[in-house]
Every structure is written in C-alpha cells, then in structure tokens.
Amino acid sequence: MKHRLMTALIAGLITSTAHAGSAETGRMEGMLSVNGAQIHYVSVGQGTPMLLLHGYPLSGELFSRNRDALAAAG
C-alpha cells in the first residue's frame, strides 16, 4: 500500500502541469490529487530530484531550510 501511494505521488509530481510559482526563482508549488487525497508540494532547484516527506502532524515547513540549502548546493 505505501509503495503504491509513493509511486502515485512521484508520478503525479513528474507529470503535473499545474504548477504555481516563478520560473525566475526556480520555485514551484501546487496541489496534487493522489488516491483521493490532496497533497501540497514545493519544488525548488534543479538537478536530481529529492523527495522530502514529513510525518503527521508536521508540515512541509519542517524542510524550509533544507530546501533552500539543497537548492543552493545543486
């Protein structure tokens, strides 16, 4: 079950065309519908993708400094 959910999430991120953000800053974010759940994502930087997942009850803000540092290193 977890493997199918992760595969669906990654496929949705790769194929999603509904990005909100700025190409100038390299930051994109939006919502994906995966197996009936609405999932918010943030994409920053270039290069090999890295997926950061937080646990319940946290939010993606947990990774705000990580995203910036990883984007700068890429």
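Every read-out reported here was derived from the displayed coordinates using simple, explicitly stated rules and does not represent laboratory data. These numbers come from a predicted model, not from an experiment. For neighbour counting, all protein chains shown are included, and Cβ atoms are generated from backbone atoms with ideal geometry for every residue, glycine included.
Here is how the numbers come out for the structure above:
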{"item": "Segments 37-43, 53-59, 26-32 sorted - mean Cβ within 10 Å per residue, highest first", "result": "26-32, 37-43, 53-59"}
{"item": "Inter-label distance, nm, simple model (7 Å from Cα along the C-beta direction), Met50/Ala69", "result": "0.9"}
{"item": "Sequence-distant residues sharing a close amide H with Val34 (under 5 Å, placed H)", "result": "Ile39"}
{"item": "Charge context of Asp68, other residues only, Cβ under 13 angstrom, K/R +1, D/E -1", "result": "+2"}
{"item": "Distance (nanometres) between label positions extended 7 Å along Cα→Cβ at Met31 and Leu58", "result": "2.4"}
